[in-house]
Amino acid sequence: MKNRRIAAFFAAAVLVITFASCSKEEAEHEEPSKENTVVIEPVEPKPEEDITEEIPQKEPEEQQTSSEPEEIPPEEPVEPEEPPEPEEPEIPMPEDESLLILVNPWNYIPEDYTFETETVQGKYKMNVKAAESAKAFVAAAKEAGFNMQLCSAYRTVEKSAELYQRKVNQYLGYGYSEADAKTEAAKWVAPPGTSEHHTGLAMDLVSSDYWNYYSDLEHDYEKFDSFKWMYEHCAEYGFILRYPKDKQDVTGITYEPWHYRYVGKEAAGYIMENGLCLEEYLELIK
Ligand SMILES: [Zn+2]
């Protein structure tokens, strides 16, 4: 019996020592026994929870930072889309490049420039390349309720010389010097050789009601409904408003709301859509 009690005592003592050592081992985070893993398990989820808590904190930060750039990218793609439009490859060219002939104060009409003419309205003639489109343009205006009347179309260099000299004489009569009279006259009548009317591709026209109020071509024509209609629809017939108000420095000619120039539908559409004048368009397609 004593032996059993002693054995039982030793067994109990061993258990106590074992538990005591185990609790020490737990504190040291060693995992030699099954009991340790049971104790450690509840400890591990805590750092996991900490991690999972940290991750969602990062995600909203990333979302916030990513949501800010997301607002910018939509703006950035819009900007790159715009530049390609004015780029050279997308600029339409007319099939017949002779329609783009440039005649202005710095570019005289070539002496050998010739073409066939066709009557457009009454005594007015135009280059055959523009005549049919001019007729269609005027006919469409009539359907819209505007009775457009030409007052100038194809003009020879001789005719320009005559008109120009008449204007010079007018200023000489006002007491201007010869030089000043020529300068002033050139503001109203292109000196011979520099008028776009020599090409047969240009025409001056206003609606018949205009002459009820004015006796000469004035900038005020822009106030008429017929002007607004012509301006909005000219490109559909291959015409451009040749001397816009905001391009006087580029064209060398004062604003002329009555002067239209035929360049073909492709070029006209691009020029009118982009608010250009012929000089600027020719610079772009160089
Ligand atoms: Zn004109």
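The values are calculated or read from the model by the stated rules, or taken from the named source; none is laboratory data. Because the structure is a prediction, the values reported are computed rather than measured. Positions of Cβ are backbone-derived with ideal geometry, glycine not excepted, and every protein chain shown enters the neighbour counts.
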Are there any pairs, at least 6 apart or on different chains, whose C-beta atoms fall under 7 Å, with the first in region 199-212 and outside the structural domain of residue 138 (by TED's automatic domain parsing) and the second within 16 Å of the ligand (Cβ to nearest atom) and modelled with pLDDT of 95 or more, and if so, which? none
When only residues in region 162-214 that are more than 16 Å from the ligand (Cβ to nearest atom) and aliphatic (A, V, I, L, M) count, which is farthest from residue 99 (Cα to Cα)? 172
When (1) farther than 20 Å from residue 123 by Cβ; (2) in contact with a Pro (Cβ under 9 Å, 6 or more places away or on another chain); (3) polar (S, T, N, Q) are applied to residue 169, the one that fails is (2)
Looking at region 215-233, which of the residues that are within 14 Å of the ligand (Cβ to nearest atom) and touching a residue at least 40 places away in the same chain (Cβ under 8 Å) is surrounded by the most Cβ atoms within 10 Å (Cβ to Cβ)? 230
In region 258-283, the residues that are within 12 Å of the ligand (Cβ to nearest atom) and either surrounded by fewer than 23 Cβ atoms within 10 Å (Cβ to Cβ) or basic (Lys, Arg) (or both): 259, 261
Of residues in region 124-157 being within 16 Å of the ligand (Cβ to nearest atom) and charged (D, E, K, R), the one farthest from residue 208 (Cα to Cα): 155
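Residues that are within 29 Å of the chain's Cα centre (by Cα) and among the aliphatic types (A, V, I, L, M): list the helices (runs of 4 or more DSSP H) wholly contained in region 159-258 that include at least 1 such residues.
On the way: elements: 178-186, 225-233, 248-251.
Where helices (runs of 4 or more DSSP H) fall fully within region 159-258 and carry at least 1 residues being within 29 Å of the chain's Cα centre (by Cα) and among the aliphatic types (A, V, I, L, M), they are 225-233, 248-251.
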